[in-house]
Amino acid sequence: MRNPVQLDQNHNDAIRTEIADRLGYLLPREPSPPLAGDQIQEREDQIMRFQMMKQETTDPLGARQLHDIISDMEAELKEQVDRLVAERH
């Protein structure tokens, strides 16, 4: 018997990948290299655009998926900023 939680997770991952592909952003599958200052600003701009899309969407599933994508992007950005700060100290 298949694990329903795993099936649900696989389904959610497939939906997130499809949404990300349609939005032109591929979710990172492995840690990204550290960002430079201008790349950090670019990533912050991307996050802002995704947040605006989330506010404008009327599809609850799409909004939830955008929320997850934004959370992933914010977490990755925080990690990279923390790494950059640690390297400078």
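The numbers here are math on the coordinates, done by the rules we state, and not lab data. It should be emphasised that the depicted structure is a prediction, and the values quoted were computed from it without experimental measurement.
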Return the long-range amide H neighbours of residue 57 (sequence gap of 5 or more, or a different chain), with a cut-off of under 5 Å between placed amide H atoms.
-> none
Length gained, residue 44-residue 57, 0.36 nm per residue minus C-alpha separation, equals 2.7 nm
Phi-derived 3J(HN,Hα) across the range 37-50 with the Karplus relation (6.51, -1.76, 1.60, θ = phi - 60°), rounded Hz, x for Gly and Pro, is x, 5, 6, 5, 4, 4, 5, 4, 5, 4, 4, 4, 4, 5
